[in-house]
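First up is the structure itself, then whatever we jot down about it.
The values are calculated or read from the model by the stated rules, or taken from the named source; none is laboratory data. As the structure is a prediction and not an experimental result, all values here were calculated from the model. Neighbour counts are summed over all protein chains in view; Cβ atoms, including those assigned to glycine, are modelled from backbone coordinates with ideal geometry.
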Ligand SMILES: *Cc1c(COP(=O)(O)O)cnc(C)c1O
């Protein structure tokens, strides 16, 4: 029985894939803490490959298709992918509002004249396609973190293929259970496994999954040379997290949808950015290409001070960076260095698996208090 069998739903594959087989085998691939292995086997040194990371790679490949290469963080995967696919002095087309680390990496490589970065508004398909002439790589992140701009993946892939441009999709927000970039023709999909896939805010991990073996091998070379390897303990926990991704995602996404609707009705909230809302400009596009609106909700208050008052008065929802854990977290991204392009009053909420009504009670009380505080202050 091949656990990667495509006749199973992805949620089943997330549970069934990469389990040791045979009589007496443990049900779970155990963590193997070893740097070196006795000579003559398939693996000799853990910077090249190690069994626990390989198990995670098998499971991720069973979901996304293609060849998975695990890294020590999402940025490890992103850095390796950008450099493996971009020739010296090549050109990358990527959203101006991509994830902070991706922007910092592209700007850094640009400053070194390693590559040129053409910044695009990826939701504008015509403008993005126009920028592809003579480019080497199209980088998509959909929806973007945290402005939630939705790219038209099939249209951009078709346009990139016509022009011989490689396509990478950062699918950290949708996860392999909600978006299928390789099936839609992308060359590589990257995930910050740290986030929803691992799901418990207790490790760093990343993965790049390549449609073809040649690209996968180039990624493995980068990983080996950069030493961006995934530790066995983190690989083991990430695989454990992946087993429950389906149920965590279903629950958190249903809550995110309900919270987005309620936030949109709250007088202190000026704008909600969530692809599940019909008011989102990318709503129809996202619904066509993805299988759910996701667990991330960005919303805007009048200004940074109002947003900070909300953060200070939340009890259950943790004021913390990062996202995708079972516990809900919230952050004012504009307060992070390098994020001053964001609206000052924007809060990015990562919805977890707590009871919806507890989350809403916490948010509603904090919004009401922030509102009252503003009236007192004025
Ligand atoms: C967090 C994140 C990353 C980076 O992943 P790390 O595991 O923190 O290195 C990349 N892309 C997106 C969309 C992210 O949210």
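One table, with the values for the structure above:
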item	result
Residue list for the stretch 277-296, restricted to those being assigned to a loop (DSSP other than H, G, I, E, B) and free of Cβ contacts under 8 Å to residues at least 40 places away in the same chain	277, 278, 279
Top-ranked residue in the stretch 189-209 [being farther than 15 Å from residue 62 by Cα and part of a strand (DSSP E or B); ranked as nearest to the chain's Cα centre (by Cα)]	192
Single match in 90, 66 (criterion: away from the ligand (no atom under 15 Å from the Cβ), on the phi > 0 side of the Ramachandran plot and modelled with pLDDT of 95 or more)	66
Matching residues, the stretch 297-328, being within 16 Å of the ligand (Cβ to nearest atom), part of a loop (DSSP other than H, G, I, E, B) and in contact with a helix residue (DSSP H, G or I) (Cβ under 8 Å, 6 or more places away or on another chain)	328
Enumeration of residues in the stretch 186-210 that are within 13 Å of the ligand (Cβ to nearest atom) and under 27 Å from residue 165 (Cα atoms)	189, 190, 191, 192, 193, 206, 207, 208
Residues satisfying the stated conditions in the stretch 263-282, i.e. over 15 Å from residue 144 (Cβ atoms) and either crowded, with 16+ Cβ neighbours inside 10 Å or touching a strand residue (DSSP E or B) at 6+ places or on another chain (Cβ under 6 Å) (or both)	263, 264, 266, 268, 269, 270, 271, 272, 276, 277
Candidate set from the stretch 136-148 (those that are crowded, with 24+ Cβ neighbours inside 10 Å and more than 12 Å from the ligand (Cβ to nearest atom)); member that is farthest from the chain's Cα centre (by Cα)	137
Test for residue 121: is it under 12 Å from the mean Cα position of the chain (by Cα) and closer than 22 Å to residue 90 by Cα	no
Among the residues listed as 213, 183, the single one being more than 16 Å from the ligand (Cβ to nearest atom) and within 23 Å of residue 15 (Cα to Cα)	183
Lone unmet requirement of (1) farther than 21 Å from residue 298 by Cα; (2) crowded, with 23+ Cβ neighbours inside 10 Å; (3) in contact (Cβ under 8 Å) with a residue 60 or more places away in the chain for residue 183	(2)
Matching residues in the stretch 166-178 - criterion: being within 12 Å of the ligand (Cβ to nearest atom) and more than 24 Å from residue 83 (Cβ to Cβ)	174, 175
